[in-house]
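Participant: I'd like to ask you about the structure that follows.
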Amino acid sequence: MPGPLEGVRIVELPAIGPVPFAGMLLADLGAEVVRIDKLAGARPGLGDALVSGPLGRGRRSITLDIRRPEGAEALLRLCESADALIEGFRPGVAERLGVGPEQVLARNPKLVYGRMTGWGQDGPLARTAGHDLTYLALTGLLAGIGRAGEPPVPPVNYIADFGGGAMFLVTGLLAALLHARATGEGQVIDTAMVDGAAYLGSMTRAFLATGGWQDRPESNFLDGGSPNYRCYTCADGKYLAVGAIEPQFWAGLCTAINQDPATAPSPYDPAQFAACTALLEQTFAGRSRDEWAKLFEALDACVAPVLTLEEALAHPHNVERGTYVKIGDVDMPGPAPRFSATPGRAGELVGVGDDTVQLLREAGYSAADIDGLRTAAVI
């Protein structure tokens with residue numbers, strides 16, 4: 001069955017990380033995504049291997065040198081029949097190449113032009129380099145991730161790159177597509193990872209404003225400051241994640257470890273935090289992680305084993321739901337969320353440039369035109 005974005009055509013320009021992830025998500029949901037790939041021999045980039053691997057699944061691929069006027073023209077012609085374009089260049093680069101919003105929207109006024117950068121299209125840092133960690137640092141969120149008295153811990157690149165970047169790009173793109181279909185008016189989406197990451201901290205900001213959050217790490221109920229919301233080491237050196245925030249879940253945890261919640265040290269009284277933490281540390285150190293996991297799996301106590309990436313593939317819940325799928329020979333997350341009438345589908349791997357000739361034909365290029373582009377090393 002077709003996915004919910006069946007009939008939507010998106011052009012994806014070369015980029016790393018969040019933009020290919022957004023392209024993958026849109027393709028998994030049924031959109032036709034045309035991926036612009038670099039020519040063989042072009043300067044390699046950090047994400048090239050990922051784009052041609054599982055993150056590049058489900059697209060059509062055209063190799064095109066958009067630095068050349070003929071290549072830029074071919075891209076503009078592809079955009080004439082597209083609903084959206086996504087790109088991750090630094091501000092001003094697309095304009096310099098002749099494929100910026102002004103040029104593209106002149107060809108297709110209904111198109112949604114999705115831009116992804118770390119700092120946004122304007123502001124004093126707009127043209128400077130950065131990564132997930134640097135964007136997250138300026139939101140105030142990074143300062144609260146880690147142990148008290150120690151440097152903040154980089155949360156891989158899940159938050160700013162993918163949460164604050166790719167997911168907000170896709171959200172904005174879908175909203176703008178609805179607007180374009182209703183009005184015939186395209187527009188530009190300025191997606192900044194720093195903006196999106198800051199937005200993800202909305203609940204923390206709300207707590208902070210009402211005195212319910214301390215602006216320092218390991219001092220709050222969701223950052224490891226509370227003994228009933230943190231990880232503990234088990235007898236085998238593996239870890240158990242305890243999330244028994246609410247009293248009913250705390251009571252379930254106490255029952256499982258043979259403690260009376262009425263007399264055990266309380267996780268709701270800061271004066272008893274040290275005693276409560278010591279009790280849980282000593283208790284969980286007495287059995288292996290998997291022994292505790294088996295005990296807790298039937299209880300509403302919000303306790304789970306901390307699995308490695310490899311272990312997660314075999315967990316019965318993930319297996320039954322088909323959370324992971326094979327893309328080539330690589331285990332990857334399958335499409336999310338789930339749709340009852342128009343389910344998404346993880347597309348197949350596509351070779352770089354496999355669809356170059358066909359896509360150019362669809363854009364109106366003749367066989368002679370295509371031969372000329374090939375001779376000029378534009379494709």
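Participant: Given (1) among the hydrophobic types (A, V, I, L, M, F, W, C); (2) without any contact (Cβ under 8 Å) to a residue 12 or more places away in the chain; (3) under 18 Å from G225 (Cβ atoms), where does A262 come up short, assuming only one miss?
Facilitator: The failed condition is (3).
Participant: From the list I379, I327, which one is touching a helix residue (DSSP H, G or I) at 6+ places or on another chain (Cβ under 8 Å), over 26 Å from G3 (Cα atoms) and aliphatic (A, V, I, L, M)?
Facilitator: I379
Participant: Which condition number in (1) at negative phi; (2) surrounded by fewer than 19 Cβ atoms within 10 Å (Cβ to Cβ) is the one that V170 fails?
Facilitator: Single failed check for V170: (2).
Participant: Every residue in segment 319-346 that is among the hydroxyl-bearing types (S, T, Y) and within 27 Å of S52 (Cβ to Cβ), please.
Facilitator: T323, Y324
Participant: So is G144 farther than 17 Å from G17 by Cβ, modelled with pLDDT of 95 or more and crowded, with 20+ Cβ neighbours inside 10 Å or not?
Facilitator: For G144, the condition - farther than 17 Å from G17 by Cβ, modelled with pLDDT of 95 or more and crowded, with 20+ Cβ neighbours inside 10 Å - is met.
Participant: Let me ask another. I need the full set of residues from segment 223-258 which are surrounded by 18 or more Cβ atoms within 10 Å (Cβ to Cβ), more than 30 Å from the chain's Cα centre (by Cα) and of a type outside the set (A, V, I, L, M, F, W, C), in order please.
Facilitator: G252 - this is the single residue of segment 223-258 that is surrounded by 18 or more Cβ atoms within 10 Å (Cβ to Cβ), more than 30 Å from the chain's Cα centre (by Cα) and of a type outside the set (A, V, I, L, M, F, W, C).
Participant: Also: I'm told L105 meets every condition in (1) surrounded by fewer than 18 Cβ atoms within 10 Å (Cβ to Cβ); (2) over 30 Å from S219 (Cα atoms) except one. Can you identify the failing condition by its number?
Facilitator: (1)
Participant: Here is a follow-up. Taking the condition part of a helix (DSSP H, G or I) and outside the structural domain of A22 (by TED's automatic domain parsing), does T134 pass?
Facilitator: No.
Participant: Let me spell it out: the conditions are (1) part of a helix (DSSP H, G or I); (2) touching a residue at least 24 places away in the same chain (Cβ under 8 Å); (3) under 21 Å from P335 (Cβ atoms), and L178 meets all of them except one. Which number is the exception?
Facilitator: Just one mismatch for L178, condition (2).
Participant: Those residues that are part of a loop (DSSP other than H, G, I, E, B) and free of Cβ contacts under 8 Å to residues at least 24 places away in the same chain, I need them from segment 140-149; list them, please.
Facilitator: Just the residues of segment 140-149 that are part of a loop (DSSP other than H, G, I, E, B), to begin with: 140-141, 145-149.
The one that is part of a loop (DSSP other than H, G, I, E, B) and free of Cβ contacts under 8 Å to residues at least 24 places away in the same chain: G149.
Participant: Regarding G41, is this residue at positive phi and either assigned by TED's automatic domain parsing to the domain that holds A192 or at pLDDT 90 or above (or both)?
Facilitator: In short, yes.
Participant: With (1) over 22 Å from L360 (Cβ atoms); (2) not in a loop (DSSP other than H, G, I, E, B) as the list, and P124 as the residue in question, which single condition is left unmet?
Facilitator: Only one criterion is unmet by P124, namely (2).
Participant: Of the residues that sit in segment 194-212 and are among the small types (G, A, S) and outside any helix (DSSP H, G or I), which one is farthest from I159 (Cα to Cα)?
Facilitator: G211
The values are calculated or read from the model by the stated rules, or taken from the named source; none is laboratory data. These figures come from a predicted structure and were not determined experimentally. Backbone-built Cβ (ideal geometry, glycine too); neighbour counts: all protein chains shown.
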